[in-house]
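Q: Below are the structure tokens for one structure; questions will follow.
The values are calculated or read from the model by the stated rules, or taken from the named source; none is laboratory data. From a predicted model like this one, the values you see are computed outputs, not experimental measurements. When we count neighbours, we look across all protein chains shown, and the Cβ atoms used for this are built from the backbone with ideal geometry, even at glycine.
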């Protein structure tokens, strides 16, 4: 009920949103970036495992086992995997 002395309350039409605190916005953005970084790291790790599995399958097809691989092959695989991970991290930072 309204009168001349008490006007009707204007209801919001949804056009005006309450302002969010800048700190809350920054925290939300950092959290989303962290989650996406973890997801990308997990997918790279899965891909590396799949490639290693295919390499092992190719060795098995030729009659060799993983024990037949030498130290050099193991080191090259290790350094290649670490290099790919660091390259991915550096590319996102830059």
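Q: Would you pick out the residues in region 51-82 that are out of contact with any helix residue (DSSP H, G or I) (no Cβ under 8 Å at 6 or more places or on another chain), surrounded by 12 or more Cβ atoms within 10 Å (Cβ to Cβ) and not in a helix (DSSP H, G or I)?
A: Across region 51-82, the qualifying residue is only 64.
Q: Select, from 31, 40, 35, the only residue that is within 18 Å of the chain's Cα centre (by Cα), at pLDDT 75 or above and surrounded by 11 or more Cβ atoms within 10 Å (Cβ to Cβ).
A: On the way: 31 fails: surrounded by 11 or more Cβ atoms within 10 Å (Cβ to Cβ); 35 fails: surrounded by 11 or more Cβ atoms within 10 Å (Cβ to Cβ).
After ruling out the rest, the residue left standing is 40.
Q: Among 18, 22, 7, which is surrounded by fewer than 10 Cβ atoms within 10 Å (Cβ to Cβ) and at pLDDT 80 or above?
A: Matching residue, one of 18, 22, 7: 22.
Q: Which residue pairs have Cβ atoms under 7 Å apart, sit 6 or more places apart or on different chains, and have a first residue in region 45-58 that is farther than 22 Å from residue 86 by Cα and a second that is in a helix (DSSP H, G or I)?
A: From region 45-58, the pairs are 56/66.
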